[in-house]
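Novice: The structure is given below, and queries will be raised subsequently.
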Amino acid sequence: MDEKAKAVLQDVQDKHVRFIDLQFTDVLGATKSVTIPANQLEDALTRGVWFDGSSIQGFARIQESDMFLRPDSRTYRVLPWTGDTLPLRARIICDVHGPDGEPFEGDPRYALKRQVARAEALGYTFNVGPELEFFLFRKNGDLHHALPHDVGGYFDFSPNDEAQRVRADIVSALQALKIDVEAEHHEVAIGQHEIDFRYADALHTADNAITFKYTVKGIAAKYGLFATFMPKPIFGINGSGMHCHQSLVSTTTGANAFFDGNSPVFKLSTLAQSFVAGQLAHARALAAIVAPTVNSYKRLTPGYEAPVYICWAQRNRSALIRVPRYSPGYEQATRVELRFPDPSANPYLAFAVMLAAGLDGIEKGMKPPAPVTDDVYEWGDEERLANGVAVLPGSLKEALDAMESDPLIREALGEHIYTAFLRAKLLEWDEYRTHVSEWERERYLETL
Ligand code: GLU
Ligand code: MG
């Protein structure tokens, strides 16, 4: 057992932790866990824990369902909402292995690790800082009310706002989980919130994003509210994104490889420009993974600060990639913000394909098109086409078709995840396609 694992065992003993949740995610990004009592932990840390993978979305078929979890001791955290009335509990995020002891190809964390290793072979660490937006709702019978319903608007300061208390509580819980919160604010839409945490390498950030989601949901529930990461919960107002600030830094020196003080293009290095070019080139296929639900495409429509057009820009929020302005002395903060991911995505898979697309741009020496300066939302189709700007898929089905016609995603995710993901998503689409909605009844029932 290594030093980290020994420290975990010691902490469990010192704090009298009673149970450990061994966590992992399925292909769609849902957190799964196998719980063991603390006295089994030593064994779990040395040998791993067997479990039956056949019931997990996108995992094994029945005949090969025995898998085992290898806890990653660095992810050990005591869960701050347990210990008072509930027995004290901790969690450790695990890697999934097959019966042969090899990493399991269907484990989303492993898919990300493989892309991270590709970047490392080139000498870079991929850093990601995500901004997860969410809504708080109060459930009243069958009705859902966005909270707060009286005040709203970007950065509104409202000390009596109940949502602010909930947010403060969420921030404390996140800090206890060693997630370094940098800012929290009310978002544009009523009932919408955002809490940003500090960027880190992609694997660490994906672990944090998963933790973030269940923490926000758990704390909201304590107040009789519920938090949703549904991309577009309410028609006519902004949806929720998971914008990702991305950079590559040298693995050896830590220097930001996206910065070039002499570059006329937003001080972005040639490497950064190729990374952007790769993501723009593969954007339509990436959509299926970074915006993976039927509802995602209701967010990606003009007029709500979510991107629709495949272009890049410095200030423009309607662009797919935005380059935050450079301030002298902040070379390390040089980054590009990818704006179409939403929080319904599995962060492991999303970061894996984002990186794969960026690396493809770098490996092929791609050059991005000229950045746009106008508000692209205002452009008509003619102007858009004249500027060579393509559009994002308009539906999950269109995104899946784009994914199928671009080999990059399949290569990046591996056959197992790709096939399981596609199968699940085509089913989701078909269910939606054949569903008769309220909108249709309102529109056609009496008029036809
Ligand atoms: N909520 C917007 C979106 O769907 C983004 C608002 C912002 O720029 O923070 O992406
Ligand atoms: Mg925001």
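Novice: Please report, in debye to the nearest 20, how large the charge dipole of the range 164-292 is about its Cα centre when each Lys and Arg carries +1 at its beta carbon and each Asp and Glu carries -1 there.
Specialist: 320
Novice: Hey, another quick one. Can you tell me which of 186-196, 276-286 comes out highest on packing, and rank the rest after it, using the mean Cβ neighbours within 10 Å?
Specialist: 276-286, 186-196
Novice: Now for a different question. Test of understanding: extend the Cα→C-beta vector of Y214 to 7 Å, then name every residue of the range 63-96 with backbone N under 16 Å from that spot.
Specialist: Label zone hits: 69-83, 87-96.
Novice: Taking R0 as 35 Å, what FRET efficiency do you get between T301 and D84 from their Cβ-Cβ distance, rounded to the nearest 0.05?
Specialist: 0.20
Novice: Now a separate question. Using label points projected 7 Å from each Cα along Cα→Cβ, tell me how many nm separate V181 and Q314, to one decimal.
Specialist: Rounded to a tenth, the inter-label distance reads 3.4 nm.
Novice: What is the chain by shape, rounded, prolate or oblate, if you read a ≥ b ≥ c off the alpha carbon gyration tensor as root eigenvalues and call it rounded for a/c under 1.5, prolate for a/b larger than b/c, and oblate otherwise? Numbers along the way, then the final one.
Specialist: Numbers: a/c = 1.39, a/b = 1.20, b/c = 1.15.
Note, shape of the chain comes out rounded.
Novice: With a ≥ b ≥ c the root eigenvalues of the C-alpha gyration tensor of the range 337-448, is it rounded (a/c under 1.5), prolate (a/b larger than b/c) or oblate?
Specialist: oblate
Novice: So, one more: Which of the lysines could a cross-linker bridge to K364, judged by Cα under 23 Å and excluding same-chain residues fewer than eight apart?
Specialist: Cα-Cα hits under 23 Å: K113, K267.
Novice: Okay, moving on. Between the range 291-355 and the range 252-283, what is the separation of their alpha carbon centroids in Å?
Specialist: Using only Cα atoms, the two centres lie 16 Å from each other.
Novice: Check the straight Cα-Cα distances from K139 and name the lysines below 26 Å, setting aside those fewer than 8 residues away within the same chain.
Specialist: List returned: K32, K213, K217, K222, K232, K298.
Novice: Right, next: Name the residue from A168, I56, V376 whose Cα lies farthest towards the positive end of the charge dipole of the chain, charges +1 on Cβ of Lys and Arg and -1 on Cβ of Asp and Glu.
Specialist: A168
Novice: Sort 21-29, 166-174 for me by packing, meaning the mean count of neighbouring Cβ atoms within 10 Å per residue, highest on top.
Specialist: Output ranking for 21-29, 166-174: 21-29, 166-174.
Novice: Taking +1 at the Cβ of each Lys and Arg and -1 at the Cβ of each Asp and Glu, which of T25, P37, H435 sits farthest along the dipole of the chain towards its positive end, judged by Cα position relative to the Cα centre?
Specialist: Sorting the options by dipole projection puts first P37.
Novice: Given the Cα-Cα distance of Q332 and D375 and 0.36 nm per residue of separation, how much length would full extension add, in nm? Don't skip to the end; give the middle numbers.
Specialist: Working: separation 43, 0.36 × 43 = 15.48 nm, distance 2.83 nm.
Length gained, Q332 through D375: 12.6 nm.
Novice: What FRET efficiency would be calculated for the residue pair S55, Y444, taking the C-beta separation as r and a Förster radius of 41 Å, to the nearest 0.05?
Specialist: 0.55
Novice: Please say if the range 221-345 is rounded, prolate or oblate, where rounded means a/c under 1.5 for a ≥ b ≥ c the square roots of the C-alpha gyration tensor eigenvalues, and otherwise the choice is prolate for a/b larger than b/c and oblate otherwise?
Specialist: Prolate, since a/c reaches 1.5 and a/b exceeds b/c.
Novice: Quick one: with all protein chains in place, what share of the accessible area of the chain is carbon or sulfur, to the nearest percent (1.4 Å probe)? Before the final figure, lay out each step's value.
Specialist: On the way: 10320 of 20310 Å².
Here it works out to 51 percent.
Novice: Please turn the phi angles of the range 170-181 into ³J(HN,Hα) values with the Karplus equation 6.51 cos²θ - 1.76 cosθ + 1.60 (θ = phi - 60°), one per residue in order, whole Hz, x for glycine and proline.
Specialist: Couplings: 4, 4, 4, 5, 5, 4, 4, 8, 6, 9, 7, 6 Hz.
Novice: Which order do the peptides 394-406, 260-272 come out in when sorted by mean C-beta neighbours inside 10 angstrom, highest first?
Specialist: 394-406, 260-272
Novice: Using a cut-off of 19 Å between alpha-carbon atoms, which aspartates and glutamates can reach K6, once sequence neighbours fewer than 8 places away in the same chain are excluded?
Specialist: Straight-line reach from K6, under 19 Å: D14, D21, E42, D43, D72, D95.
Novice: Counting only heavy atoms of the protein chains, get the accessible area per residue of the range 69-113 (1.4 Å probe) and round it to a whole Å² value.
Specialist: Accessible surface, normalised per residue, equals 41 Å².
Novice: Karplus couplings for the range 265-276 from phi (6.51 cos²θ - 1.76 cosθ + 1.60, θ = phi - 60°), rounded to Hz, Gly and Pro as x?
Specialist: Calculated HN-Hα couplings, in order: 9, 6, 6, 8, 5, 4, 4, 4, 5, 5, 4, 4 Hz.
Novice: On to the next question. Please list 3J(HN,Hα) in residue order for the range 223-240, calculated via the Karplus relation 6.51 cos²θ - 1.76 cosθ + 1.60 where θ = phi - 60°; whole Hz, with x for glycine and proline.
Specialist: Result, ordered by residue: 9, x, 10, 9, 9, 10, 9, 4, x, 9, x, 10, 5, x, 10, 3, x, 10 Hz.
Novice: Name the residue farthest towards the positive end of the dipole of the chain from the options F351, G361, L320, assuming +1 on Cβ of Lys and Arg, -1 on Cβ of Asp and Glu, about the Cα centre.
Specialist: My answer, from the dipole projection, is F351.
Novice: Further question on the same structure: Just the number please: accessible area per residue for the range 264-321, 1.4 Å probe, all protein chains included, in Å².
Specialist: Numbers: 1600 Å² over 58 residues.
That works out to 28 Å² per residue.
Novice: Turning to a different aspect of this structure: Is there a quick way to get the dipole size of the chain? I mean about its Cα centre, with the Cβ of Lys and Arg at +1 and of Asp and Glu at -1; what is the value in debye to the nearest 20?
Specialist: 500
The values are calculated or read from the model by the stated rules, or taken from the named source; none is laboratory data. Remember, predicted model here, so these are calculated numbers, not experimental data. Note: ideal-geometry Cβ built from the backbone for every residue, glycine included; neighbour counts use all protein chains shown. Please note that ligands, DNA and RNA were not included when accessible areas were found on the heavy atoms of the full protein model with its side chains. Shrake-Rupley method; radii C 1.70, N 1.55, O 1.52, S 1.80 Å.
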